[in-house]
1. Given the criterion in contact with an Asp or Glu (Cβ under 9 Å, 6 or more places away or on another chain) and at pLDDT below 95, identify the matching residue among 207, 223.
2. Filtering the stretch 95-130 down to residues that are within 18 Å of residue 80 (Cα to Cα) and in a strand (DSSP E or B), which residue is farthest from the chain's Cα centre (by Cα)?
3. Within the stretch 115-135, how many residues are exposed (fewer than 12 other Cβ atoms within 10 Å of the Cβ) and either of a type in the set (Phe, Trp, Tyr) or at pLDDT 90 or above (or both)?
4. From the list 79, 98, which residue is out of contact with any helix residue (DSSP H, G or I) (no Cβ under 7 Å at 6 or more places or on another chain), among the small types (Gly, Ala, Ser), at pLDDT below 95 and on the phi > 0 side of the Ramachandran plot?
5. Could you list all residues from the stretch 131-162 that are touching a residue at least 40 places away in the same chain (Cβ under 8 Å), of a type outside the set (Ser, Thr, Tyr) and either in a strand (DSSP E or B) or within 29 Å of residue 77 (Cα to Cα) (or both)?
6. May I ask you to list the residues in the stretch 66-75 that are closer than 18 Å to residue 144 by Cβ and in a loop (DSSP other than H, G, I, E, B)?
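The values are calculated or read from the model by the stated rules, or taken from the named source; none is laboratory data. Model, not experiment: these values are computed from the prediction. Cβ: placed from backbone, ideal geometry, glycine included. Neighbour counts: every protein chain shown.
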Amino acid sequence: MSRRKEGRRDAEDAGFSLIELIVAMGIFSLLMVIVGALTLSAFGAIRQANERSGIQTESQNAMEWVSRVLRYADVPPDGTTAIVNASPSAITVYTYAGTGDVVDAPYRASIFAEVQSDGSVAVVSDIVSPILLDDAWVWTGEPQRRLLLTLPSDTPASPLGIAYYVCDLANQCVDPQLFVPSGAGPLLAADSPLTPAYLVVSLGDPALPNTVITQTINLVNLA
């Protein structure tokens, strides 16, 4: 009788069965898959948040430069217009923003988006220094390029957007109106009664609206 009881206890203490081990390993593997997926998802979200934060910071820095250049646009001596090229995604102005070594002189500044050699999309500014020749300013030198914002090659639209608002000086520039440029060339004809009042500029990745910085830039020398 004692031997039977001892045999029964030995069988009970023998450990887990093969089926129990297989079930346990299956549950453990399933838990590891779930934890791994959650970890990868968390790392992906952190990476995307860092990318968005980096683009937003870059856009803010770019906007500071663009605002400085455009705010002090003005008609140069013997010139007829301050904005010599205007489109919804590019602009060229004469500016007294002091972007170089020549003091109180009109620099020629172009701000636009272009595709780089590696396929990325960039917003750049080209600044041409003025040269005084026979008592007249000329802009014949090589532009100094500044890279303002760089985005991936799959950016769906231009990272730079510009809206132009003009007003009538005879009416004390009351109630400026949106003005759509007709194409490449000056914003307004030399004999136009209108003058540029302000610009609404957007910079950032159109695919990530939270990274887009929009600012109204008053043209203090014009309106």
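1. Checking each option against the conditions leaves just 207.
2. Here the answer is 107.
3. 4
4. 98
5. Across the stretch 131-162, the qualifying residues are 136, 137, 144, 146, 148, 149, 151, 160, 161, 162.
6. Once the filter is applied, which keeps residues that are closer than 18 Å to residue 144 by Cβ and in a loop (DSSP other than H, G, I, E, B), the stretch 66-75 yields only 72.
Here is a yes/no grid of residues against (1) on the phi > 0 side of the Ramachandran plot; (2) hydroxyl-bearing (Ser, Thr, Tyr); (3) touching a Lys or Arg at 6+ places or on another chain (Cβ under 6 Å); (4) in a loop (DSSP other than H, G, I, E, B):
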residue: 164; (1), (2), (3), (4): no, yes, no, no
residue: 191; (1), (2), (3), (4): no, no, no, yes
residue: 195; (1), (2), (3), (4): no, yes, no, no
residue: 199; (1), (2), (3), (4): no, no, no, no
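Here's the yes/no breakdown for (1) farther than 30 Å from residue 127 by Cβ; (2) modelled with pLDDT of 85 or more; (3) among the acidic types (Asp, Glu):
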{"position": "5", "(1), (2), (3)": "yes, no, no"}
{"position": "27", "(1), (2), (3)": "yes, yes, no"}
{"position": "53", "(1), (2), (3)": "no, no, no"}
{"position": "58", "(1), (2), (3)": "no, yes, yes"}
{"position": "74", "(1), (2), (3)": "no, yes, yes"}
